[in-house]
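Notes for the one structure printed next.
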Amino acid sequence: MVLPKKIVLRKTSLVDYPGKVSSVFFISGCNLRCPWCHNPELLSETGENYLNPEECLAHIYKRRGIIDALVLSGGEPCFWDELPSFIIEIKKTNPKILIKLDTNGMFPGMLEKLFSCENTRPGYIAMDLKMAPERYKEIIPSLTVIPDPAKTLKNSIFLIRESKIEHEFRSLALPSGFFTERDIDALSPLVGEAPWYLRPFRGGNCLDPAWNPLEEPEAIAENRIKFFEERAGKQKTILF
C-alpha cells in the first residue's frame with residue numbers, strides 16, 4: 001500500500017460518530033479551498049504533528065477495547081487514492097470497528113469504489129454541503145480541474161442516498177450573506193428526507209484570516225438558522 005498521506009489523530013470523541021465512542025483520523029489534502037476552513041494545516045502534507053498510517057493502525061489496535069468506531073475526516077479522505085486499502089487494513093486490525101466517512105462530495109468515483117465492497121463500505125456517512133451546487137466553482141483552486149462540480153456533487157448525493165447507508169448532510173450557515181435562502185432552495189430537493197444539520201460559523205484559524213472576525217452574535221446566528229430551517233421545511237437543525 002502506498003502511504004503518502006499524513007494524519008492528525010483525535011484519540012477519543014463522543015460526538016463525531018452518532019452514539020459511538022470513536023477516534024478521528026483527519027487525513028491531509030483537499031481539492032477545495034474554502035476560505036472559512038478551520039483545518040488549513042491539513043491542506044499540506046508537511047508538519048511536525050502528523051502521524052503516518054502505520055502509527056494510526058497501531059493506535060486502532062491498542063484501543064480496540066475502548067473505541068467502537070473510527071471517523072475518517074479531513075481535509076478530504078476521498079482525495080487519497082489509497083483510502084480503500086487503508087480501510088481494509090483498519091478492519092484487519094480491528095474487525096469489529098465501525099467506519100464513518102466525512103466527505104465534501106467531490107469524489108463520486110471513490111464513493112462507488114467504497115460502496116461496492118463489504119470490506120470498505122462505511123457504516124455512516126456525513127457529507128458537507130457548502131452552497132448551491134452551481135456555486136462550487138467559487139471554492140475550487142485555479143489549478144484544480146473538476147469539469148462539472150455541480151454534477152459531481154449531485155452524483156455523490158445520489159450515490160449516498162441510494163446506498164442505504166445511514167447518512168447525514170451538514171452545512172455552515174456562513175455569515176455576511178454568503179449562504180442564503182437561494183442555497184437552501186437549491187440544496188433542499190437534493191437532500192430529500194435525510195437529516196440535514198445546519199450550524200453557525202465560528203471564527204478562528206480560518207484558511208483566509210479575513211474570515212476570522214466574521215462570527216456573528218449567537219442570537220443572530222440562531223435566528224438565521226431557524227429561518228433556513230423553515231425555508232427547507234425541516235425540523236432537524238442542530239446548533240453546536
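Any read-out appearing in this document is the output of simple, stated calculations on the displayed coordinates, not a laboratory observation. No experiment lies behind these values; they were computed from the predicted model shown. Virtual Cβ from ideal backbone geometry, glycine too; neighbours counted across all protein chains shown.
Ellipsoid semi-axes for the chain, based on the Cα gyration tensor and the rule √(5λ), read 29, 20, 19 Å when sorted largest first.
Its relative contact order, with pairs defined as Cα atoms under 8 Å and 6+ residues apart, puts region 7-232 at 19 percent.
If the segment from residue 222 to residue 15 were pulled out straight at 0.36 nm per residue, it would be longer than the present Cα-Cα gap by 72.4 nm. Dipole magnitude for the chain: about 600 debye, using +1 per Lys or Arg Cβ and -1 per Asp or Glu Cβ, origin at the Cα centre.
Binning the alpha carbon pair distances of region 79-179 at 10 angstrom intervals from zero yields the distribution 14, 43, 31, 11, 1, expressed in whole percent.
Among beta bridges identified by DSSP and lying wholly in region 7-232, the antiparallel ones come to about 20 percent.
Stokes-Einstein diffusion for region 102-240, with the hydrodynamic radius set to the Kirkwood value over Cα pairs and evaluated at 10 °C in a medium of 1.306 mPa s, equals 99 µm²/s.
The residue among 210, 232, 70 whose Cα reaches farthest toward the positive pole of the charge dipole of region 7-232, with charges on the beta-carbon of Lys, Arg, Asp and Glu, is 70.
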